[in-house]
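Colleague: My questions will all concern the structure given below.
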Amino acid sequence: MRKTSPVTYDEHRSSWDLFRYDDIVAILKDPVTFSSVRPTAGPVLLGSIIGMDPPKHHQMRNIVSKAFTPKAISELEPRIAEVVHELVNPLKTKQQMDLIHDISYPLPVIVIAELLGVPPEDRQLFKDWSDVIVKMPEDSTENEVQSFFRERQKTRQELDDYFMKVVTERRKNPREDLISRLVHAEVDGQHLTDHEIMEFCILLLAAGNETTTNLISNAIRKFIEEPHLQEQLRQQPELMEKAIEEILRYYSPVLATNRVVTKDTEIGGKQIKKGDQVIAWIASANRDENKFPVADQFKVDRTPNQHLAFGNGAHFCLGAPLARLEARVALPIILSSFHNMEFPEGTELTPIPSTFVYGVKALPV
Ligand code: HEM
């Protein structure tokens, strides 16, 4: 598609598909023409920064960035290592595991729950909610789709109520957690309202869990597909950071993002009308030969590697330092705990049924 039809109208979805790296960077860097206020964002994302345009986006992102800082994230490193060991240790005596169920799925949920200050007794509840809000309807009957949306709406209400209580409580009795920092974060005298804090907490759940799960499991999948990588990364741990960037490029956990066009414009010689939707295929940009030589090859030390896995421009992923840190801590522990990881005979991996996230449903190892 990148060569033959890099800008294509999709009748089925009524939207434009963009496949080339340069076109995608251009639209992500131009929020005036390509708006993030999207009718398709769904109840989870509509009211949060990911669904806002400047100047409101800029103002809100500045305030949340005061609480969600790279320093605050890097301080989590020892605790993340502890959680990974807690998950990995009971598996050491087992012959087989599902790496997703046992490690890469629980890890980000526990980390976000602790970061937000959710007490351990509420963790299961929090996990169940988090599952519902990131789930997409699979091919199913009209009735099933309707019941899916009803369940998501109900969960959204429960999350709103839960976080509202926590925010009110932290306003009275601040602690050392992200919600307390969000309560106090200010830029030019501007604070977040309780509602804005709640929207941000729910966005963290929605944006940060399945994506990080897929980053870690896509990495292990690749290490099994090319087994020499396992020993190479044990011998040369200094390569791990580059290996993670290459995983993000090669098996991008987020396949695409979308924007709405605010005025008639042109991309790649095609006339795009005000109100049209464009889909920026990040995963395609990350395999663009014009940007990445031998793009379909996994090169563990690829340099430079300006992939778009975390987006680009104003909405560049705020959680990128956290996702990278979780992978940087978890992958070496997994590699040193399990030697010669392989798939059991006859394993067939099933992709998650989604056009927006990329990963597999289970990873038997
Ligand atoms: C935004 C990918 C992990 C929080 C984004 C965007 C992408 C992305 C592509 C931009 C969306 C757009 O432009 O429309 C990823 C990937 C992850 C990951 C691949 C894991 C490998 C996380 C984590 C968190 C997080 C762990 C937080 C806990 C956010 C937030 C935004 C965002 C808050 C919105 C930023 C804004 O609108 O200004 N992410 N993400 N993400 N991500 Fe992530």
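Colleague: Of all the residues that make up region 261-301, how many are under 21 Å from the mean Cα position of the chain (by Cα) and not in a loop (DSSP other than H, G, I, E, B)?
Modeller: Selection size over region 261-301: 8.
Colleague: The conditions are (1) within 16 Å of the ligand (Cβ to nearest atom); (2) touching a helix residue (DSSP H, G or I) at 6+ places or on another chain (Cβ under 9 Å); (3) of a type in the set (S, T, N, Q), and T262 fails exactly one of them. Which is it?
Modeller: (2)
Colleague: Sticking with this one: Of all residues in region 326-345, which are of a type outside the set (V, I, T) and farther than 17 Å from P227 by Cα?
Modeller: E326, A327, R328, A330
Colleague: Restricting attention to region 116-125, and to residues there that are part of a helix (DSSP H, G or I) and touching a helix residue (DSSP H, G or I) at 6+ places or on another chain (Cβ under 6 Å), which single residue is nearest to D177 (Cα to Cα)?
Modeller: By that ranking, first place goes to L116.
Colleague: Which one is farthest from E342 (Cα to Cα), of the residues in region 210-236 that are part of a helix (DSSP H, G or I) and free of Cβ contacts under 8 Å to residues at least 12 places away in the same chain?
Modeller: Ranking the candidates gives Q235 first.
Colleague: For D264, state whether it is out of contact with any Cys (no Cβ under 9 Å at 6 or more places or on another chain) and over 20 Å from T355 (Cα atoms).
Modeller: Taking the combined requirement at face value, the residue satisfies it.
Colleague: Just to be sure I understand, how many residues within region 302-326 are touching an Asp or Glu at 6+ places or on another chain (Cβ under 9 Å) and either within 6 Å of the ligand (Cβ to nearest atom) or outside any loop (DSSP other than H, G, I, E, B) (or both)?
Modeller: Qualifying residue count for the region: 5.
Colleague: Is there any pair linking a residue in region 245-258 that is more than 7 Å from the ligand (Cβ to nearest atom) and part of a strand (DSSP E or B) to one that is among the charged types (D, E, K, R) and open to solvent by 10 Å² or more (accessible area, probe 1.4 Å), with Cβ under 9 Å and at least six apart or on different chains, and which?
Modeller: Once the first residue is more than 7 Å from the ligand (Cβ to nearest atom) and part of a strand (DSSP E or B) and sits in region 245-258, its partners that are among the charged types (D, E, K, R) and open to solvent by 10 Å² or more (accessible area, probe 1.4 Å) give A256/D17; N258/R38.
Colleague: Those residues that are surrounded by 15 or more Cβ atoms within 10 Å (Cβ to Cβ) and in contact with a Lys or Arg (Cβ under 8 Å, 6 or more places away or on another chain), I need them from region 206-241; list them, please.
Modeller: L229, M240
Colleague: Further question on the same structure: Would you confirm whether any residue within region 327-342 is over 15 Å from L99 (Cα atoms) and buried (at least 19 other Cβ atoms within 10 Å of the Cβ)?
Modeller: Taking every residue of region 327-342 in turn, at least one turns out to be over 15 Å from L99 (Cα atoms) and buried (at least 19 other Cβ atoms within 10 Å of the Cβ).
Colleague: How about region 90-100: which of its residues are surrounded by fewer than 13 Cβ atoms within 10 Å (Cβ to Cβ) and either in contact (Cβ under 8 Å) with a residue 60 or more places away in the chain or among the hydrophobic types (A, V, I, L, M, F, W, C) (or both)?
Modeller: Scanning region 90-100 gives K92, Q96.
Colleague: Then there's this: If I filter region 107-123 for residues that are open to solvent by 90 Å² or more (accessible area, probe 1.4 Å) and either touching a residue at least 24 places away in the same chain (Cβ under 8 Å) or within 16 Å of the ligand (Cβ to nearest atom) (or both), do I get at least one hit?
Modeller: Within region 107-123, not a single residue is open to solvent by 90 Å² or more (accessible area, probe 1.4 Å) and either touching a residue at least 24 places away in the same chain (Cβ under 8 Å) or within 16 Å of the ligand (Cβ to nearest atom) (or both).
Colleague: Can you name every residue in region 320-356 that is on the phi > 0 side of the Ramachandran plot and of a type outside the set (G, A, S)?
Modeller: N340
Colleague: Could you pull out the residue among R221, R181, R249, R175 that is of a type in the set (K, R), under 30 Å from K127 (Cα atoms) and touching a strand residue (DSSP E or B) at 6+ places or on another chain (Cβ under 9 Å)?
Modeller: Unique residue meeting the criteria: R221.
Colleague: Check H184 against each of (1) of a type outside the set (D, E); (2) open to solvent by 20 Å² or more (accessible area, probe 1.4 Å); (3) closer than 21 Å to A285 by Cβ and name the one condition it does not meet.
Modeller: It is condition (3) that H184 fails.
Colleague: So I352 fits all but one of (1) in contact with a Gly (Cβ under 6 Å, 6 or more places away or on another chain); (2) within 13 Å of the ligand (Cβ to nearest atom); what number is the exception?
Modeller: Of the numbered conditions (1) in contact with a Gly (Cβ under 6 Å, 6 or more places away or on another chain); (2) within 13 Å of the ligand (Cβ to nearest atom), the odd one out for I352 is (2).
Colleague: Within the group S130, S74, which residue is within 19 Å of the chain's Cα centre (by Cα), more than 26 Å from P364 (Cβ to Cβ) and hydroxyl-bearing (S, T, Y)?
Modeller: Within the list S130, S74, the selection yields S74.
Colleague: Still on this structure, I have one more. When residues of region 244-270 are filtered for being small (G, A, S) and surrounded by fewer than 19 Cβ atoms within 10 Å (Cβ to Cβ), how many remain?
Modeller: Matching residues across region 244-270 total 2.
Colleague: Can you name every one of the helices (runs of 4 or more DSSP H) wholly within region 33-115 that holds 2 or more residues which are closer than 30 Å to D264 by Cβ?
Modeller: 42-45, 56-67
Colleague: Quick one: which residue in T355, T347 is touching a residue at least 60 places away in the same chain (Cβ under 8 Å), of a type in the set (S, T, N, Q) and assigned to a loop (DSSP other than H, G, I, E, B)?
Modeller: T355
The values are calculated or read from the model by the stated rules, or taken from the named source; none is laboratory data. Treat the numbers as computed from the prediction; the structure is a model and nothing was measured. Quick reminder, even Gly has a Cβ in these numbers, built from the backbone with ideal geometry, and neighbours come from all protein chains shown. Only protein heavy atoms, including side chains, enter the accessible area calculation; ligands, DNA and RNA are left aside. Shrake-Rupley method; radii C 1.70, N 1.55, O 1.52, S 1.80 Å.
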